[in-house]
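The values are calculated or read from the model by the stated rules, or taken from the named source; none is laboratory data. The structure displayed is predicted, hence computed values, not measured ones. Using ideal geometry, Cβ is built from the backbone for each residue, glycine included, and neighbour counts are taken over all protein chains shown. Heads up: the accessible areas ignore ligands, DNA and RNA and are worked out on the full protein's heavy atoms, side chains in. Shrake-Rupley method; radii C 1.70, N 1.55, O 1.52, S 1.80 Å.
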Amino acid sequence: MQVIKIVKFVFTLVGALVLALSAYLYQDTRIFVSEGEHGTGTVIDLLRSGEGTYAPRVRFETPEERVVEFTSSTSANPPAYEVGEEVDVIYPADRPVDARISGFMTLWGGALITGILGAVFFLIGGGMIVYGLLRNNRKAWLEKHGVAVKARF
């Protein structure tokens, strides 16, 4: 029984921490998108990762005519982009090399995935805690107000 108590509190704690991480990632991305410069880039290569997925390598030019290349932090199999495809990019004005492709999963995937995982852990752990509290309250009420019934089976 002690193991279940530990598990429900660990699940709740892990869920809360992962939800906090998700909130941080969401806020970081929101600021990145709202304060970043927008531009258009071209996929110049697809780099294969060790997991068999492909990350696009993108080249774009800043308004100051600085040519910048970056590799997306997200990859997919099959590749999400094709060589030669134009993509929207967002980048900090002072650090264009930190650019990101303006795609849903590239921008919001981290916050979304951690949010889902955090919610699952938090709901399982929290549900176990709430169930235990309700069961204990019902047991206490029955002990105080209930009537003993003797029966033979």
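Taking the criterion of being at pLDDT 90 or above, open to solvent by 70 Å² or more (accessible area, probe 1.4 Å) and more than 27 Å from L19 (Cα to Cα), would at least one residue in segment 132-139 satisfy it?
no
Restricting to segment 1-33, what's the tally of residues that are over 13 Å from the mean Cα position of the chain (by Cα), within 30 Å of E82 (Cβ to Cβ) and open to solvent by 80 Å² or more (accessible area, probe 1.4 Å)?
So the count comes out to 1.
Taking segment 24-53 as the search range and keeping residues that are touching a residue at least 24 places away in the same chain (Cβ under 8 Å) and hydroxyl-bearing (S, T, Y), which one is farthest from A111 (Cα to Cα)?
Checked segment 24-53; the qualifying residue farthest from A111 (Cα to Cα) is T42.
Being touching a residue at least 12 places away in the same chain (Cβ under 8 Å), surrounded by fewer than 18 Cβ atoms within 10 Å (Cβ to Cβ) and not aliphatic (A, V, I, L, M) is the filter here; which residues of segment 64-77 pass it?
Scanning segment 64-77 gives R66, E69, T71, S73, T74, N77.
Listed residues A80, A55; which is open to solvent by less than 60 Å² (accessible area, probe 1.4 Å) and under 21 Å from the mean Cα position of the chain (by Cα)?
A55
Can you find a residue that is in a strand (DSSP E or B) and either touching an Asp or Glu at 6+ places or on another chain (Cβ under 8 Å) or not hydroxyl-bearing (S, T, Y) (or both) anywhere in segment 98-121?
So far as segment 98-121 goes, yes, one or more of its residues are in a strand (DSSP E or B) and either touching an Asp or Glu at 6+ places or on another chain (Cβ under 8 Å) or not hydroxyl-bearing (S, T, Y) (or both).
If I ask for residues that are open to solvent by 30 Å² or more (accessible area, probe 1.4 Å) and either under 17 Å from E35 (Cβ atoms) or in contact with a Phe, Trp or Tyr (Cβ under 7 Å, 6 or more places away or on another chain) (or both), which ones from segment 83-115 would you list?
Across segment 83-115, the qualifying residues are D88, A93, D94, R95, V97, D98, R100, S102, W108.
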